[in-house]
Amino acid sequence: MIMELYDKLYKSAEFFDSNEETTVCFGIEAAPALSCELPALGDKNVLVCAGGDSSFYRSGAFELLNKCVGRSDANVPRFENIPPEPDTDCVRRIVAAMEMEKPDVVLAIGGGSVMDAAKAAYLSWQTGMDVKELFGISVAGKKFPGKKFRRVWCVPTTSGTGSEVTPYSNIIDTDNGVKCLIVEPEIIPEYAFVAPELTCRVPQKITVDTALDAMVHCIESLLNVKAGKEHPEAAAWAVLGISMIRDSLPLVLNGNAEHLLVRSALSAAACLGGMCIKVCPTSLPHLCSFSFCGKTTHGAAVAALLPHFWRYYLSDTEIAERTMMLAEIFPGKTPDEVVDSCEKFIRSVGIETAPGTLSGTDASFIDQLAENAKLNPVKLVTAPVPIDPESAGTVFHNVLDKVWTR
Ligand SMILES: [Fe+2]
């Protein structure tokens, strides 16, 4: 197993080298690369965006920053305590800090929430557009055609969203409590310094949730057959990422939570998941997961929803064929058996796959899922098996009624 993980990490490094737009400095390369890049900025202004105590200080990120800037007090302007699930008000506060510091470089150190908030704020500050105006697809790119903006540098301290390489930022609109998405090439990070040692002390529950999020990114991306035809290279990234999570997550639960090789595999898989969804986006499990915000974690929600929508997709022959690409990772002789095997794995790491039981809601909540999904009709009509928005309620009930609580 150990040698296999080394081989897989070696392979993932090749994939990182081929990644466009974001320079990925992974593993033992991460700290030296950051140590080279930061002092090379000279007297340029740097603003660090960070999370709370656990993600910034206890992870070791603060010490890493000290080392990289070559001083003991890490005397770099910082905006700290960015919360999980950042909202528009939080992003506006970061923009106000940017207005003070006028950063030439923004260094986002934290989990997906920190990176998402920093990405949104840096573009908001540079364009002068309020964060709400950035919601949607390439809004800033269309308003400023051809203009290039400075993009954040990321140091992830969890292994999940892959935000360090994606054009996505999820922000809650404070006016209505709805999670909204910015999809914008101009927020793809310029650098990702992925130092897996920073994730060694992430608590087990968060490790499981974030790893499953990354796994679902890889699987949903693989099942996105249409986009996969434009980006055939992404299938290998997805299979490798899924395989590393399948190998390493049980090791975390079996007393190897601080093993650097295990953490490296999870960090690499998360980054591969980000590369996957950049070119082959997620679909129904992620779309429906937004309605679970505040009821359970994002990773648990997407993992609970995945097997059921995956079985719905299997009516498509090409998706059934792609599913069999995972037959060695999730053993099965048929596509249905592969999905069963994946669901068994999700449950084996402690996540309930009955979405109603997980979220504490009864089956009437499925109507709410359908109503919320209709707010994003593009995701419905571009799903691997497309859904007419008007039929979303019927389809969702067909898919979820029997499995809602078991
Ligand atoms: Fe996700």
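Within the full protein context, the accessible area of GLU321 is estimated at about 120 Å² for a probe radius of 1.4 Å. Between PHE149 and GLU190, full extension at 0.36 nm per residue minus the direct alpha carbon distance yields a gain of 13.7 nm.
Applying the Karplus relation 6.51 cos²θ - 1.76 cosθ + 1.60 with θ = phi - 60° to segment 29-46 yields 3J(HN,Hα) values of 7, 5, 5, x, 5, 5, 5, 6, 6, 5, x, 5, 6, x, 8, 5, 7, 10 Hz, where x marks Gly and Pro. Largest to smallest in accessible area, the residues CYS293, CYS280 fall in the order CYS293, CYS280 (1.4 Å probe, all protein chains included).
About the centre of its Cα atoms, segment 201-403 shows a dipole size close to 460 debye [charges on the beta carbon of Lys, Arg (+1) and Asp, Glu (-1) only; nearest 20 debye]. Quick one: of the DSSP bridges fully inside the chain, what percent are antiparallel, nearest 5? Looking only at bridges with both residues in the chain, the antiparallel portion is about 20 percent.
Restriction of the GluC sites (Glu not before Pro) in segment 6-36 to DSSP coil positions whose beta-carbon has at most 10 other beta-carbons within 10 angstrom yields GLU20. Relative contact order of the chain: 14 percent, from C-alpha pairs under 8 Å at least 6 residues apart in sequence. Name the residue from ILE28, LEU107, VAL139 whose Cα lies farthest towards the positive end of the charge dipole of segment 19-197, charges +1 on Cβ of Lys and Arg and -1 on Cβ of Asp and Glu. Projecting each Cα onto the dipole axis, the largest value belongs to VAL139. The stretch between THR174 and MET129 holds 14.5 nm of extra length on full extension. This uses 0.36 nm per residue minus the Cα-Cα distance.
Residues considered: MET325, MET129, MET98. Largest GNM mean-square fluctuation over the chain, using C-alpha springs under 10 Å, is found at MET129. Taking a temperature of 4 °C and a viscosity of 1.567 mPa s, what whole-number D in µm²/s does Stokes-Einstein yield for the chain with Rh from Kirkwood over alpha carbon pairs? Roughly 61 µm²/s, to the nearest whole number. Just check segment 267-331 against the gyration tensor rule for me: Cα atoms, a ≥ b ≥ c as the square roots of the eigenvalues, rounded for a/c under 1.5, and otherwise prolate or oblate depending on whether a/b exceeds b/c. Because a/c hits 1.5 or more and a/b fails to exceed b/c, segment 267-331 counts as oblate.
About its Cα centre, the chain has a charge dipole of approximately 260 debye under the convention of +1 per Lys or Arg Cβ and -1 per Asp or Glu Cβ, with nothing else charged. Per residue, the solvent-accessible area of segment 5-128 (1.4 Å probe, heavy atoms of protein chains only, all protein chains present) comes to 45 Å².
Comparing mean-square fluctuations of ASP43, ASP116, ASP336 from a GNM of the chain with C-alpha springs under 10 Å, the top value falls on ASP43.
Determine which residues of segment 177-212 fall in the zone a paramagnetic label at VAL381 would reach in this model, i.e. backbone nitrogen under 20 Å from the point 7 Å along Cα→Cβ. Zone members listed by number: 181, 183. Computed from Cα atoms, the angle from the helix 204-223 axis to the main principal axis of the chain rounds to 70 degrees.
Can you give the net charge of the other residues whose Cβ lies under 13 Å from the Cβ of GLU184, counting K and R as +1 and D and E as -1? Net charge around GLU184: +3.
Charged neighbours of GLY160, selected by a Cβ distance under 10 Å, balance to -2 (K, R count +1; D, E count -1).
The spacing between segment 178-213 and segment 364-406, judged by their C-alpha centroids, is 27 Å. What is the Cα centroid distance between segment 228-248 and segment 117-150, reported in whole angstrom? Their Cα centres are 30 Å away from one another.
The values are calculated or read from the model by the stated rules, or taken from the named source; none is laboratory data. Because the structure is a prediction, the values reported are computed rather than measured. Reconstructed Cβ throughout: ideal geometry from the backbone, glycine too, with neighbour counts over all protein chains shown. Accessible surface is based on the protein model in full, side chains and every heavy atom, while ligands, DNA and RNA are left aside. Shrake-Rupley method; radii C 1.70, N 1.55, O 1.52, S 1.80 Å.
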